[in-house]
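The values are calculated or read from the model by the stated rules, or taken from the named source; none is laboratory data. Keep in mind that this is a model prediction, so the values were computed, not measured. In this analysis, Cβ positions are derived from the backbone assuming ideal geometry, glycine residues included, and neighbour counts consider all displayed protein chains.
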Amino acid sequence: MASSPTDIQNENVAVLPKKNLKSAKDHTYDRDWINQTNARSFLPSDRHILKKPITDHSCQKRLSKYNGIVNRMTPAQVDEELQKRQLSTNGEIEIRRIRLKHFYKAQVTLGFENPMKMIEQHFEYIAVVDFEATCERNQGNNFPHEIIEFPIVLIDVRQQAIVDKFRSYCRPTIKPILSDFCTELTGIQQHQVDAAPTFPEVLRNVENWLNERHLLSSNKRRCGFATDGPWDFAKFLRLQCGFNSLPYPRWAKKWINVRKEFSNFYSVQRCGIGRMLQSLGLVFDGRHHSGLDDSVNIARITIELIKDGCVILLNDGVRAADPKFIDLNSVSDELQNLNDDDDNEAIVDND
Ligand code: AMP
Ligand code: MG
């Protein structure tokens, strides 16, 4: 990424503490110092070491020195260091700095000159899910959303690539007619849901698809499910299972919250798919609020995290007392009102 001289100047002014002002020559020396210091391995048997806080004092001191040096590098110097390590130079400068810091952390923690190849991921596959649901403009918090699109985008973690996709529309039964707002938002047409199976059949098809690929095996490290935030599983799936009196699927009890992981790994505020992509130097591929396209883009973000050395673990889950859960009792009230309204509508129609 090209940076103007003014950017570089401002960058230095912004991140350099006054008492540590150094010349450009010193920067070069600092970078060399990083390369000259030996990587040191500790706690080698710990599988997810990169996720654990570093407790060794000398490692902590070394890493904080590395971080200071990275903070003082100009954007061009950051890119030069990233290139030397065959790391991406895409994305905003804050992301590129963090990428380099994570590289050094992995080097110190794992004790290898090229630590990215040594990082052991937890899952073989990650299945990204992004539901679309019925909705209305200015709907209340207790709107009875029904799932109308169930997509899955499968990431092969070792290949760092999307390797398979599934998509099914679902026919809603509580409110079978999509609002114009919903069709405009999601791009899903009435005839598509009319021709689709209802949710219980779609869930069976989904589980068959997953089983054919051995993704629901008892090996917990075979596949993890990922969504953008907590809502897809904690709200939409939970609501829908309630509507159909289906047990909540075991495989969706814990998941990878990509938005949360992104924010933790790159030390940025939580943000939506578009903003995450932008900060990585990527553009949205497809149509926003299409479940399959959203899933593909969440998968692209997840792949960037993997490439940057983030060990992807389950980091969110269904917890009964969680305030992010929609109150199913209040939805029942809402459904009762809705049924009353439907009765009224039927009377009006008959007239
Ligand atoms: P998304 O994954 O952002 O496409 O959203 C999933 C679902 O949330 C949509 O299918 C809608 O049911 C609902 N939703 C998202 N954005 C809105 C909005 N602005 N107004 C009403 N419902 C929304
Ligand atoms: Mg979506």
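Out of the residues in the range 74-86 that are touching a residue at least 40 places away in the same chain (Cβ under 8 Å) and in contact with a helix residue (DSSP H, G or I) (Cβ under 6 Å, 6 or more places away or on another chain), which is surrounded by the fewest Cβ atoms within 10 Å (Cβ to Cβ)?
74
Run down 108, 163, 70, 153 and say which single residue is of a type in the set (Val, Ile, Thr) and touching a Cys at 6+ places or on another chain (Cβ under 6 Å).
Result of the check over 108, 163, 70, 153: 108.
Considering only residues of the range 59-73 that are surrounded by fewer than 18 Cβ atoms within 10 Å (Cβ to Cβ) and within 27 Å of the chain's Cα centre (by Cα), which is farthest from residue 105 (Cα to Cα)?
71
Here is a check on your reading of the model: is residue 191 at pLDDT 95 or above, outside any loop (DSSP other than H, G, I, E, B) and loosely packed, with under 15 Cβ neighbours inside 10 Å?
Taking the combined requirement at face value, the residue satisfies it.
So, residue 258, is that one of a type in the set (Val, Ile, Thr), free of Cβ contacts under 8 Å to residues at least 60 places away in the same chain and in the same structural domain as residue 155 (by the TED database) or not?
no
Of these, 129, 163, which one is farther than 15 Å from residue 236 by Cα and hydrophobic (A, V, I, L, M, F, W, C)?
Being farther than 15 Å from residue 236 by Cα and hydrophobic (A, V, I, L, M, F, W, C) holds for just one of 129, 163, which is 163.
Return the only residue of 147, 119, 155, 126 being touching a Gly at 6+ places or on another chain (Cβ under 6 Å) and surrounded by 22 or more Cβ atoms within 10 Å (Cβ to Cβ).
126
Any chance the range 105-122 includes a residue that's within 21 Å of the chain's Cα centre (by Cα) and without any contact (Cβ under 8 Å) to a residue 12 or more places away in the chain?
So far as the range 105-122 goes, no, none of its residues is within 21 Å of the chain's Cα centre (by Cα) and without any contact (Cβ under 8 Å) to a residue 12 or more places away in the chain.
Which residue, of 189, 159, is within 16 Å of ligand 1 (Cβ to nearest atom) and without any contact (Cβ under 8 Å) to a residue 12 or more places away in the chain?
None of the others qualify; the one that does is 189.
Against the definition (touching a residue at least 60 places away in the same chain (Cβ under 8 Å) and among the β-branched types (Val, Ile, Thr)), how does residue 183 come out, yes or no?
No, not satisfied.
Among the residues of the range 288-298, write down those that are near ligand 1 (Cβ under 10 Å from one of its atoms) and not β-branched (Val, Ile, Thr).
Result: 288, 289, 290, 291, 293, 294, 295.
Would you mind telling me which numbered condition in (1) over 20 Å from residue 222 (Cα atoms); (2) within 15 Å of ligand 2 (Cβ to nearest atom); (3) buried (at least 21 other Cβ atoms within 10 Å of the Cβ) residue 135 fails?
(3)
Within the range 173-206, track down each residue that is under 27 Å from the mean Cα position of the chain (by Cα), away from ligand 2 (no atom under 16 Å from the Cβ) and not hydrophobic (A, V, I, L, M, F, W, C).
200, 204, 205
Determine which single condition residue 103 fails, assuming it passes every other condition in (1) more than 21 Å from residue 304 (Cα to Cα); (2) aromatic (Phe, Trp, Tyr); (3) assigned to a helix (DSSP H, G or I).
Here residue 103 clears every test but (1).
Of all residues in the range 289-319, count the ones that are over 12 Å from the mean Cα position of the chain (by Cα) and in a strand (DSSP E or B).
Residues that pass the stated criteria total 1.
With the checklist (1) basic (Lys, Arg); (2) under 18 Å from the mean Cα position of the chain (by Cα); (3) in a helix (DSSP H, G or I) in hand, flag the one item residue 270 doesn't pass.
The single condition residue 270 does not satisfy is (3).
Does residue 92 satisfy the condition of being farther than 22 Å from residue 283 by Cα and modelled with pLDDT of 95 or more?
no
Yes or no: the range 242-251 includes at least one residue that is in the same structural domain as residue 305 (by the TED database), under 22 Å from residue 215 (Cα atoms), part of a helix (DSSP H, G or I) and not aromatic (Phe, Trp, Tyr).
For the range 242-251, residues in the same structural domain as residue 305 (by the TED database), under 22 Å from residue 215 (Cα atoms), part of a helix (DSSP H, G or I) and not aromatic (Phe, Trp, Tyr): present.
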